[in-house]
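Visitor: Here's a structure for you.
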Amino acid sequence: LLWNYKLNLTTDPKFESVAVEVCKTTISEIKECATEPLGKGLLVSCLVDHRGNITDYQCNQYITKMTSIVFSDYRLICGFLDKCLVDINALHCGSISTGDKDIHSQGEVIACLEKGLVREAEEQPGAHHIKENCKKAIMRVAELSSDDFHLDRYLYFACRDDRERFCENTLAGEGRVYKCLFNHKFEEAMSERCREALTTRQKLIAQDYKVSYSLAKACKSDLRKYRCSVDSNMPRAREARLSYLLLCLESAVHRGRIVSGECQGEMMDYRRMLMEDFSLSPEIVLNCRSEIEGHCSGLHRKGRTLHCLMRVGRGDMGAIEPNCQKALQALIQEADPGADYRIDRALNEACESVIQTACKHIRNGDPMILSCLMEHLYTEKMVEDCEHRLLELQYFIARDWKLDPILYKKCQGDAARLCHTHGWNETSEMMPPGAIFSCLYRHAYRSVEQGRRLSRDCKVEVQRILHQRALDVKLDPELQRRCMTDLGKWCSEKTEAGQELECLQDHLEDLVTDCRDVVGNLTELESE
């Protein structure tokens, strides 16, 4: 009875006439709604769709009431059923009969479709291909429910108790409850069902940033200012991705442009989220499957899986697929922990004590903290856990010069002038890892006669990095690539700080040419 009553509400001309009365000014402002034919429930549904733009108080109140009715049942969301009927049946997402007793069943249908969408994005075996316009409808529903978690029925029921436990003082609206729940996702007390619903929601945000109300709102003007969404030759889906938004705005920050504090705060939350839970990045789920199963299963919480993959990537545990390595490198560029170590929760927790003792003179969150930790590598202040996490992260930072924010800031001019670099968020497939840095250090030691040299600021950074890299062979991509066999042959026992490099220098005559050249170069630089 109730259901039929609600359905009549949304299609009843009487309600439309109320809407026409109450929302007179609004309807004339929103062109899409003014053209809707009356009597089919399309007008109210159109206003619900555009409720972000409604300024008139009474109209807003009315539509908010209607929204909570409409969102209680996906069959009342105008057009949703027509667009997704085929997919609902193909994915077995539940019955469309009205006699359903279970109050949750309506939210379940949408949740089931959302999970299907995520499975398809991760290219899981046997994933069903969802029709484009149904995909759009699913995303739209997720976007419309992004400010008020009561509207995401499935998540609301799955997380009811958790909300009381963790977020009872958080006011509903503006996406605050979602945010509070995301922050507690890995707490022991969080129910499995809620955690799963939250992860699905986060995966949808990774597909389309607008599903996060607070992020879309805080970054709207910055996105427009730095033209992060005008590339018309790119499919809309790629532009909507969270990773694209982060890279575009981070690029602006690294070039020294102003991005509003609110937006940077939101970006920070989502970068931390990406580092904390690898499953939010479909490329990693897809390309690192065997590495995760082989070496890193069951470590899911707080970024441990990701660090485990990074350890595999370093070559400490056997080989890694090139595609998985690529996905890791891309994720680290998106999350950009080099700019603020706190984004990397596993590192942050492991190194807390070292930072308190060795780096307490540096402002919290400053990029120099990573550098300070590197300076204390292999000293008595360093703890073993921190050393591992630090080297895992530095391995990837060493492979892309842009990920060291201080080096990038001081050397971007030199690199563009001498090494033909691209912008921060454009990656060139042609450049081998570490190529830009090698180019910079070749120019660092030129004499005046030899022509173009580095600026002084940049040279200081290059020296800092050379100095830090001497501690661990794996931090120098060229050295590692060319001297792999020699290291195994002559230096397998030498594992202390800087010993590997010394050992290679001692065996200079025995090394293969490729490796000898690189070690020779480094030795010259050292003596300088």
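The values are calculated or read from the model by the stated rules, or taken from the named source; none is laboratory data. Note that the structure is predicted; figures quoted are calculated from it, not measured. All Cβ positions, even for glycine, are placed from backbone atoms using ideal geometry, and neighbour counts span all protein chains on display. Protein only, heavy atoms only, side chains kept; ligands, DNA and RNA dropped before computing areas. Shrake-Rupley method; radii C 1.70, N 1.55, O 1.52, S 1.80 Å.
Visitor: Could you calculate the FRET efficiency of Ser297 with Ser527 from 1/(1 + (r/R0)^6), where r is the beta carbon distance between them and R0 is 45 Å, rounded to 0.05?
Guide: Details: r = 48 Å, r/R0 = 1.06.
Efficiency, rounded to the nearest 0.05: 0.40.
Visitor: Specify the angular offset, from 0 to 90 degrees and rounded to the nearest 10, of the alpha carbon long axis of helix 80-90 from the longest principal axis of the alpha carbons in the chain.
Guide: For helix 80-90, the angle is close to 60 degrees.
Visitor: Using the beta-carbon distance between Ser68 and Asn323 and R0 = 60 Å, what value does 1/(1 + (r/R0)^6) give for FRET efficiency, to the nearest 0.05?
Guide: Working: r = 45 Å, r/R0 = 0.75.
Using R0 = 60 Å, I get an efficiency of 0.85.
Visitor: Identify the GluC sites (Glu not before Pro) of region 253-306 meeting these criteria: DSSP loop state and at most 10 other C-beta atoms within 10 Å of the C-beta.
Guide: Numbers: sites: Glu262, Glu266, Glu276, Glu283, Glu291, Glu293; in loops: none.
The qualifying sites: there are none.
Visitor: Let me ask something else about it. Could you work out [θ]222 nm for the chain from helices alone, using -39500 (n - 2.57) per DSSP H run of at least four and dividing by all its residues? Round to the nearest 500 deg cm²/dmol.
Guide: Values: 30 runs with 327 residues, N = 528.
Per the formula, -18500 deg cm²/dmol.
Visitor: With the contact rule set at Cα under 8 Å and sequence spacing of 6 or more, what percent relative contact order holds for the chain? Intermediate values should be presented prior to the final figure.
Guide: Details: 603 pairs, mean separation 37.6, N = 528.
It rounds to 7 percent for the chain.
Visitor: When the chain is fully extended, how far beyond the present Cα-Cα distance does Leu466 get from Leu171, taking 0.36 nm per residue of separation? Walk me through the numbers before you get to the answer.
Guide: Working: separation 295, 0.36 × 295 = 106.20 nm, distance 5.05 nm.
Going from the current span to full extension adds 101.2 nm.
Visitor: When the accessible area of the chain is computed with all protein chains present and a 1.4 Å probe, what percentage of it is carbon and sulfur?
Guide: Values: 12780 of 25540 Å².
Ligands and nucleic acids excluded, carbon and sulfur give 50 percent.
Visitor: Just grab the label-to-label distance for Asp56 and Lys381, each label 7 Å out from Cα along the Cβ direction, in nm (one decimal).
Guide: Each label point is offset 7 Å from its Cα along the Cβ direction, giving 6.5 nm.
Visitor: For Thr357 and Lys131, calculate 0.36 nm times their separation in residues minus their Cα-Cα distance, and state this gained length in nm to one decimal.
Guide: Working: separation 226, 0.36 × 226 = 81.36 nm, distance 5.60 nm.
Net length gain for the segment: 75.8 nm.
Visitor: Compute the accessible area per residue over the chain, keeping the other protein chains in place, probe 1.4 Å, unit Å².
Guide: Details: 25540 Å² over 528 residues.
Ligands and nucleic acids excluded, the figure is 48 Å² per residue.
Visitor: Let me ask you something else. With no solvent and one equal point scatterer per Cα, compute the Debye intensity ratio I(q)/I(0) for the chain at 0.08, 0.12, 0.13 Å⁻¹ and report its log10, rounded to two decimals.
Guide: Result of the Debye calculation: -0.61, -1.15, -1.29.
Visitor: Put Arg176, Arg442, Arg227, Arg311 in order of accessible area, largest first, 1.4 Å probe: what do you get?
Guide: On the way: Arg176 100, Arg442 145, Arg227 165, Arg311 65 Å².
If we order Arg176, Arg442, Arg227, Arg311 from most to least accessible, we get Arg227, Arg442, Arg176, Arg311.
Visitor: Report, to the nearest 10°, how far helix 242-254 tilts away from the longest principal axis of the Cα atoms in the chain, using its own Cα long axis and a range of 0 to 90°.
Guide: Around 50 degrees separate the two axes.
Visitor: Can you tell me how much longer the chain between Glu29 and His92 gets when fully stretched, taken as 0.36 nm per residue apart minus their C-alpha distance, in nm with one decimal? Please list the in-between numbers first.
Guide: Details: separation 63, 0.36 × 63 = 22.68 nm, distance 4.06 nm.
Taking 0.36 nm per residue and subtracting the Cα distance, the gain is 18.6 nm.
Visitor: Once the Cα atoms of helix 105-121 and of the chain are each reduced to a long axis, what angle between those two axes, in degrees from 0 to 90 to the nearest 10, is obtained?
Guide: 30 degrees
Visitor: Between Leu38 and His422, what is the label-point separation in nm under the 7 Å Cα-to-beta-carbon projection?
Guide: So the label points at His422 and Leu38 sit 5.6 nm apart.
Visitor: Note down the relative contact order for region 284-371 as a percent, whole number, built from C-alpha pairs under 8 angstrom at least six residues apart. List each step's numbers first, then the result.
Guide: Working: 64 pairs, mean separation 21.8, N = 88.
Computed over region 284-371, the figure is 25 percent.
Visitor: Starting from the Cα of Val20, step 7 Å along the direction of its Cβ; do the same at Asp514; then give the gap between the two resulting points in nm.
Guide: According to this spin-label approximation, the distance is 7.8 nm.
Visitor: Could I ask something else about it? Of all alpha-carbon pairs in region 289-385, indicate the percentage at a distance above 15 angstrom. Intermediate results must be reported in sequence, preceding the final value.
Guide: Details: 3007 of 4656 pairs.
Roughly 65 percent, rounded to a whole number.
Visitor: Largest first, how would Lys409, Lys203 line up by accessible area (1.4 Å probe)? Walk me through the numbers on the way to the answer.
Guide: On the way: Lys409 140, Lys203 40 Å².
The most accessible residue leads, giving Lys409, Lys203.
Visitor: Taking every pair of Cα atoms in region 196-296, average 1/r, invert it to obtain the Kirkwood radius, and report Rg/Rh to two decimals.
Guide: On the way: Rg = 14.5 Å, Rh = 14.4 Å.
Computed over Cα atoms, the ratio is 1.00.
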